[in-house]
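My structure is below; once you've seen it, I'll send some questions.
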Amino acid sequence: MSEPLRGVIVSHSAVAQALVSAVAAITGVSDALIPVSNDGCDGGALGARLATAIGDRPALLFVDLPGGSCLTSSVRLARGKTNVAVVTGVNLAMLLDFVFHRDLPPAEAARRAAEAGARAIRTPAA
Amino acid sequence: MSIVLYRIDDRLIHGQVVVGWGQPLRAGFIVLVDDMVRASEWEQDLYRMGVPSHIEVVFASTAEAAQRLPEWEADPRTGIVLAGTISTMAALCADHRVKRINVGGLHHQPGRSERLRYVYLSDSEAEQLRQLAARGIEITAQDVPTAPAVPLTEFT
């Protein structure tokens, strides 16, 4: 069996850490996700933080916004790597799905995360 | 309108620029001045992803920007000029009357020390800013519009 994917949440401020805490509180899974904040980083420093978080393991990068420094650093890092993929617009629903489906290839896991995240965005009647 | 914000920010186009400044200023275009980004279509696509479609993004080398600044200053839309380094912004100021420069984000690198939470400078970079100020350019540090503008003398 191949190594399970590592999820790395890349965010502004403390969003990533808060999401990791929420996933652990809901699922009890505490070893699937790593938070990375862009606080105090230029692009190079954030790239270094991401490289450290990923190591040489296959990974899916969950980025908060579909633009900006978190995205640019993540895409630069993933460029040319088949074992690293990126999905943007991270939300709790996609992370909850991810921690139980970490055995997928990175690109497939990214598509699945995007679908799971999108399904959670609704406008329920009050 | 014209160029309402000349900003030094090593993250170039990111949330603070597009949302923090771009929304209240109602920016119509952003000029990203960076020789490396200008030479890479791939990097340009990456930066475009963070910008809504109603804002035009122009990628320029330092030399191109120095040449086209009068054209952008005359544009009826509101514009933002971004440079990732003090040297790049200084080059733009060499032949043009730039009234104000916003230092929006220069982060930690070897040789730099912390001046503000979001501004790290080497001694030579601080001197570069002082030289620009000596030419009559108002230089302040301010990451987002709602934060106080910090005068140059308080962070160099």
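Regarding segment A:25-36, can at least one residue be identified that is among the acidic types (Asp, Glu), more than 20 Å from B:ILE13 (Cα to Cα), touching a residue at least 40 places away in the same chain (Cβ under 8 Å) and out of contact with any His (no Cβ under 7 Å at 6 or more places or on another chain)? Walk me through how you get there before you give the answer.
Taking segment A:25-36 and keeping what is among the acidic types (Asp, Glu), we get A:31.
Those still in the list that are more than 20 Å from B:ILE13 (Cα to Cα) too: A:31.
Remaining after also requiring touching a residue at least 40 places away in the same chain (Cβ under 8 Å): none.
No, segment A:25-36 has no match at all.
Got at least one residue in segment B:55-70 being in contact (Cβ under 8 Å) with a residue 60 or more places away in the chain, more than 14 Å from chain A (Cβ to nearest Cβ) and assigned to a helix (DSSP H, G or I)? Spell out the reasoning first.
Narrowing segment B:55-70 to residues in contact (Cβ under 8 Å) with a residue 60 or more places away in the chain: B:69.
This time we only want the ones that are more than 14 Å from chain A (Cβ to nearest Cβ), so: B:69.
With assigned to a helix (DSSP H, G or I) added as a condition, the list becomes B:69.
Checked segment B:55-70: at least one residue is in contact (Cβ under 8 Å) with a residue 60 or more places away in the chain, more than 14 Å from chain A (Cβ to nearest Cβ) and assigned to a helix (DSSP H, G or I).
Moving to a separate point now. Among the residues of segment A:21-46, write down those that are among the small types (Gly, Ala, Ser), within 14 Å of chain B (Cβ to nearest Cβ) and over 19 Å from A:VAL86 (Cα atoms). Walk me through how you get there before you give the answer.
First, the residues of segment A:21-46 that are among the small types (Gly, Ala, Ser): A:21-22, A:24-25, A:28, A:30, A:32, A:37, A:40, A:43-45.
From what is left, the residues that are within 14 Å of chain B (Cβ to nearest Cβ) are A:37, A:40, A:43-45.
Selection gives A:GLY40 alone.
Run down A:VAL63, A:VAL10, A:VAL87 and say which single residue is within 14 Å of chain B (Cβ to nearest Cβ), surrounded by 14 or more Cβ atoms within 10 Å (Cβ to Cβ), farther than 28 Å from B:THR85 by Cα and within 10 Å of the chain's Cα centre (by Cα). Write out each step before concluding.
Working: A:VAL63 fails: farther than 28 Å from B:THR85 by Cα; A:VAL10 fails: farther than 28 Å from B:THR85 by Cα.
Going through A:VAL63, A:VAL10, A:VAL87 in turn, just one is within 14 Å of chain B (Cβ to nearest Cβ), surrounded by 14 or more Cβ atoms within 10 Å (Cβ to Cβ), farther than 28 Å from B:THR85 by Cα and within 10 Å of the chain's Cα centre (by Cα): A:VAL87.
Okay, next question. Quick check on segment B:105-126: of everything there that is surrounded by 13 or more Cβ atoms within 10 Å (Cβ to Cβ) and farther than 18 Å from A:ASN38 by Cα, which residue is farthest from the other protein chains (Cβ to nearest Cβ)?
Out of the qualifying residues, it is B:ALA126.
Working only within segment B:32-54, note down all residues that are in a helix (DSSP H, G or I) and touching a strand residue (DSSP E or B) at 6+ places or on another chain (Cβ under 8 Å). Let's see the steps before the verdict.
Here is the first cut: in segment B:32-54, the ones in a helix (DSSP H, G or I) are B:35-38, B:41-48.
The answer is B:VAL37, B:ARG38, B:GLN44, B:TYR47, B:ARG48.
When you scan segment B:99-141, how many residues do you find that are within 24 Å of B:PRO70 (Cβ to Cβ) and among the basic types (Lys, Arg)?
Residues that pass the stated criteria total 3.
Please go through (1) crowded, with 20+ Cβ neighbours inside 10 Å; (2) of a type outside the set (D, E, K, R); (3) touching a residue at least 60 places away in the same chain (Cβ under 8 Å); (4) within 14 Å of another protein chain (Cβ to nearest Cβ) for B:TYR47 and return the number of the only condition it doesn't satisfy.
Evaluating B:TYR47 over (1) crowded, with 20+ Cβ neighbours inside 10 Å; (2) of a type outside the set (D, E, K, R); (3) touching a residue at least 60 places away in the same chain (Cβ under 8 Å); (4) within 14 Å of another protein chain (Cβ to nearest Cβ) leaves (3) as the failure.
So, restricting to helices (runs of 4 or more DSSP H) that lie completely within segment A:1-112, which ones have at least 3 residues that are hydroxyl-bearing (Ser, Thr, Tyr)?
Ranges flagged: A:69-78.
Okay, moving on. Does B:ILE30 qualify as being within 14 Å of chain A (Cβ to nearest Cβ) and within 12 Å of the chain's Cα centre (by Cα)? Give the steps one after another, and end with the answer.
Numbers: within 14 Å of chain A (Cβ to nearest Cβ): yes; within 12 Å of the chain's Cα centre (by Cα): yes.
For B:ILE30, the condition - within 14 Å of chain A (Cβ to nearest Cβ) and within 12 Å of the chain's Cα centre (by Cα) - is met.
Readers should treat all values here as calculations from the given coordinates under stated rules, not as data from a laboratory. Since the model is a prediction, treat every value here as computed from it, not as a measurement. Using ideal geometry, Cβ is built from the backbone for each residue, glycine included, and neighbour counts are taken over all protein chains shown.
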